[in-house]
Amino acid sequence: FQSEEAGIVDVVADEAGVLAQIRELVSMLPANNEDNSSFAECTDDLNRVCDDLVNCAGDTSIALSRISDNGVFFETKRNYAKDMVTGFIRLNGTTIGCVANRTEIYENGEKKETFEPALSGKGCDKAADFINFCDAFNIPVLTLVNVKGYKAKMCSERRIAKAAARLTYAYANASVPKVTVVVKEAFGSAYLTMGSKSIGADVVYAWPNAVIGMMNPAEAVKIMYAGEISASGNAAALIAEKTAEYTTLQSSVVAAAKRGYVDDIIKAEETRQRVIAAFEMLFTKREDRPSKKHGTV
C-alpha cells in the first residue's frame, strides 16, 4: 500500500533485495550539494549508438536504461503513478536525475499496461518531489517528454491544478543543469509543465518525428475550419488536408525549432552522445538568484 498508493516507498523486495537496492542507490547519490564522490569512472562508449531507441518512446524506463552507462537505471517510486518515471542513471560517470512520461510498460518483451499521454495529479507530485530532491543535492535533471494534456478523471481533477503548478515551479526553481528531449508529442500547457524552454530548460532536443504545439493538429483543424468542414461534401479529405498543412506550419519539430522552442533536432539513436555533450557543456553552470526566504508553491 505504501508503495502503490502512498508513494513513499521506492522498493518492495525481500531483505537481501532491499539491502542490494539500498547499496546501489547510495552509491549513486552525493553526500551533499558540494560532494563529488558520487562520480564513477565511465567504462561505456560515450558515443555509443542506441539502436531502436525510437521504439522506446512509450516505455521511457527502457529508453533511460538504454542511454545510461552500462544500462544502469535505478527507478524510484516504481509502483506509484506509473505514468510518470523518475530515477537515476549515469552519463559519463555522472549521476543524472531523470523524469519521463510513460504510456506503456513492457516486461520480458510483453506489453503489461498502457496509460494516456497525460499528466495526472499523482504523477505531477511524484515528479515535483523528485526534482526538488535533485536540486537540493545539485544533481542534473534529464526530462523525456511525451504528453498531450491532463487526465480528465474525478480524482485527478480535484488536485491537478495545484499539482501541475508544483511541478512547473519545481522545474523553474531548480538551478541545476536541465536538459529536455521531446520523444513523441508535446502539446499545450502540459508540455510547458514538463521542463520546457519557457520555464528554464538549458537545452531542449527533439526527435525528428516529434510533434510540438498548442494542441493536437486534427483537433485544432476541427475548431479552426468548423464552417468549411460542415459545408464540405468530403469532410474527411478536408480534415486530412488541413491537418497536414497545420502540422507542417505549426506543430512540426522544424516549426518548433524555428520559433526557438527546440535547440536542435537529433536522431533518436544519437540521444546518448548528444545528452552527454549537453551535460558536459553545462557542468559549470551557476545561477545567481535574488535573495529570498522560500517560495510559496
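The values are calculated or read from the model by the stated rules, or taken from the named source; none is laboratory data. Predicted model, so just to flag it, every value in this text is computed and none were measured. Reconstructed Cβ throughout: ideal geometry from the backbone, glycine too, with neighbour counts over all protein chains shown. Please note that ligands, DNA and RNA were not included when accessible areas were found on the heavy atoms of the full protein model with its side chains. Shrake-Rupley method; radii C 1.70, N 1.55, O 1.52, S 1.80 Å.
Residue 72 meets the stated requirement of being more than 18 Å from residue 165 (Cα to Cα), open to solvent by 30 Å² or more (accessible area, probe 1.4 Å) and not hydroxyl-bearing (Ser, Thr, Tyr).
Taking region 88-158 as the region of interest, the strands (runs of 3 or more DSSP E) fully inside it that hold 1 or more residues being open to solvent by less than 40 Å² (accessible area, probe 1.4 Å) are 94-101, 104-107, 141-147. Residues in region 95-113 that are without any contact (Cβ under 8 Å) to a residue 24 or more places away in the chain and charged (D, E, K, R): 4 in all. Right, residue 81: on the phi > 0 side of the Ramachandran plot and among the aliphatic types (A, V, I, L, M) or not? Yes; evaluated as a whole, the condition is true for this residue.
Only one of these is without any contact (Cβ under 8 Å) to a residue 60 or more places away in the chain and either open to solvent by 80 Å² or more (accessible area, probe 1.4 Å) or not in a loop (DSSP other than H, G, I, E, B) (or both): 13, 20. Name it. Write out each step before concluding.
On the way: 13 fails: either open to solvent by 80 Å² or more (accessible area, probe 1.4 Å) or not in a loop (DSSP other than H, G, I, E, B) (or both).
Result: 20 is the single residue among 13, 20 that is without any contact (Cβ under 8 Å) to a residue 60 or more places away in the chain and either open to solvent by 80 Å² or more (accessible area, probe 1.4 Å) or not in a loop (DSSP other than H, G, I, E, B) (or both).
Checked against the criterion of being on the phi < 0 side of the Ramachandran plot, among the polar types (S, T, N, Q), touching a residue at least 40 places away in the same chain (Cβ under 8 Å) and in contact with a Cys (Cβ under 9 Å, 6 or more places away or on another chain), region 187-203 has at least one qualifying residue.
In this structure, does residue 60 turn out to be farther than 28 Å from residue 102 by Cα and either within 24 Å of the chain's Cα centre (by Cα) or surrounded by fewer than 17 Cβ atoms within 10 Å (Cβ to Cβ) (or both)?
Values: farther than 28 Å from residue 102 by Cα: no; either within 24 Å of the chain's Cα centre (by Cα) or surrounded by fewer than 17 Cβ atoms within 10 Å (Cβ to Cβ) (or both): yes.
Considered against the rule, which asks whether it is farther than 28 Å from residue 102 by Cα and either within 24 Å of the chain's Cα centre (by Cα) or surrounded by fewer than 17 Cβ atoms within 10 Å (Cβ to Cβ) (or both), residue 60 comes out as no.
Residue 63 meets all of the listed conditions (1) in contact with a Phe, Trp or Tyr (Cβ under 7 Å, 6 or more places away or on another chain); (2) closer than 18 Å to residue 273 by Cβ; (3) not acidic (Asp, Glu) but one, namely (1). Of all residues in region 174-188, none satisfies being at pLDDT below 95, touching a Ser or Thr at 6+ places or on another chain (Cβ under 7 Å) and not β-branched (Val, Ile, Thr).
Does region 276-286 contain at least one residue that is of a type outside the set (Gly, Ala, Ser), surrounded by 17 or more Cβ atoms within 10 Å (Cβ to Cβ), under 23 Å from residue 67 (Cβ atoms) and touching a residue at least 60 places away in the same chain (Cβ under 8 Å)? Yes, the conditions are met somewhere in region 276-286. Taking (1) open to solvent by less than 10 Å² (accessible area, probe 1.4 Å); (2) in contact with a Lys or Arg (Cβ under 8 Å, 6 or more places away or on another chain); (3) among the small types (Gly, Ala, Ser) in turn, residue 81 satisfies each apart from (1).
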